[in-house]
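The values are calculated or read from the model by the stated rules, or taken from the named source; none is laboratory data. Because the structure is a prediction, the values reported are computed rather than measured. Please note: Cβ atoms are built from the backbone with ideal geometry, for glycine as well, and neighbour counts cover all protein chains shown. Heavy atoms of the whole protein, side chains included, go into the accessibility calculation; ligands, DNA and RNA do not. Shrake-Rupley method; radii C 1.70, N 1.55, O 1.52, S 1.80 Å.
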Amino acid sequence: MEKTSLTYVHGYAGGENERLFDQANTLAELLHHDTVYPADSHVLEVGCGAGAQTIILAQRSPKAHFTSVDVSPVSLETARASVQQHGLSNVAFHLADVFRLPFEPNRFDHVFVCFVLEHLRQPLEALARLKAVLKPGGTITVIEGDHASAHFYPESKYAQQAIDCLITIQARLGGNALIGRQLYPLLKRAEFENISVTPRPVYADATKPEWVEGFTKNTFTAMVEGARGQALELGLIDVATWERGIADLYATAKEDGTFNYTFFKGVGVKPAPR
């Protein structure tokens, strides 16, 4: 596979779009409470997918201008429809690849990338391409997860095996499900300045039913469950172990269960020419 291709491990089926919107809405305050762009600033969102993050960004910065790009025409149509349904007029969509951006250098005031680098074979080069279209003094915001940060009770080796299958599948496709821990070194190697990376932990138990439903069940477990076909086809796990693992993941959403996961949010500044 060429580096210009993005292989989305979770697929593009309708159920995945629903999961993405559930995830975005559940995590909106956790990930985006400090994501606000000034009026009249031009922001490039890369890998907008079905527009789940786009809507949140555009609503929180209604006077900023967003250019949202993705490699999937189907996802872009869904994103356009979603933005229209929300009555937003500050977003323009383009079909584009992060490695072949159709924009002149120093075009944007800010760049936003969420859950994209994890799917790329060359995340460092992607950052370099994004840096090229960012104005000196402009910021890049990158958000990624780290599947090895998933800790849960009741503990289950079967549930861990199911999670490991997803990590392995993504690695075989050229991605990295553990990339969240690498945001600082990636931004540093891409020669951004004033880098700040903050962990954004999710913790869910019975006292936080919105997190149990929105994250434990509808985001994380649903994401792992979606890898069933690939995991079995590749011979990474047998059917009985898989089904036990998924059942045990759902058990962490019950009355005595707990679930913890960490996202990472990195912000860097493009330096002025020297």
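Report for the chain the percent antiparallel among DSSP-assigned beta bridges with both residues inside it, nearest 5.
Working: 21 of 41 bridges.
Bridges in the chain are about 50 percent antiparallel.
Please report the carbon-and-sulfur percent of the accessible area for the chain; probe 1.4 Å, protein heavy atoms only, DNA, RNA and ligands left out. Intermediate values should be presented prior to the final figure.
On the way: 6260 of 12150 Å².
Looking at the chain in its full context, I get 52 percent from C and S.
Report, to the nearest 10°, how far helix 73-85 tilts away from the longest principal axis of the Cα atoms in the chain, using its own Cα long axis and a range of 0 to 90°.
Rounded to the nearest ten degrees, it is 80.
At most 13 other Cβ atoms within 10 Å and a DSSP loop assignment: could you name the GluC sites (Glu not before Pro) in segment 154-195 that fit?
Details: sites: E155, E191, E193; in loops: E155, E191.
Answer by residue number: E155, E191.
Solvent-accessible area per residue for the chain at a 1.4 Å probe radius, Å²?
Working: 12150 Å² over 274 residues.
Per-residue value: 44 Å².
Taking the 0 to 90 degree range and rounding to the nearest ten, how far is the long axis of helix 123-132 tilted relative to the main principal axis of the chain, both from C-alpha atoms?
Between the helix axis and the principal axis of the chain, the angle is about 20 degrees.
Count neighbours as other Cβ atoms within 10 Å of each site's Cβ, and list the trypsin sites (Lys or Arg not before Pro) in segment 27-100 that are DSSP loop with at most 11 such neighbours.
Numbers: sites: R60, K63, R80, R100; in loops: K63.
Of the trypsin sites (Lys or Arg not before Pro), the ones in loops of segment 27-100 whose Cβ has at most 11 other Cβ atoms within 10 Å are K63.
Find which of L31, A79, S41 sits farthest along the positive direction of the dipole of the chain, computed with +1 on the beta-carbon of Lys and Arg, -1 on that of Asp and Glu, about the Cα centre.
S41
Cα centroid distance between segment 88-145 and segment 214-248, in Å?
31 Å
How much accessible area does S41 have with a 1.4 Å probe, in Å² rounded to the nearest 10?
Approximately 10 Å² for this residue.
Under 16 Å from the Cα of K131, which aspartates and glutamates turn up, not counting those fewer than eight places away in the same chain?
Cross-link targets: E45, D97, E104, D109, E191, E193.
Any of K63/K270; K208/K265; K188/K270; K135/K265 with alpha carbons more than 19 Å apart? Name them for me.
On the way: K63/K270 23 Å; K208/K265 23 Å; K188/K270 11 Å; K135/K265 21 Å.
Pairs exceeding the cut-off: K63/K270; K208/K265; K135/K265.
For a label point 7 Å from the Cα of E193 along Cα→C-beta, name the residues of segment 121-153 whose backbone N is under 13 Å from it.
136-139
So what's the net charge close to L76: Lys and Arg +1, Asp and Glu -1, counting the other residues with Cβ under 14 Å from its Cβ?
Numbers: positive: R80; negative: E45, D70, E77, D97.
After counting each charged neighbour, the total is -3.
Would you mind checking the tilt of helix 239-251 against the longest principal axis of the Cα atoms of the chain, expressed as 0 to 90 degrees and rounded to 10?
Helix 239-251 sits roughly 70 degrees off the main axis of the chain.
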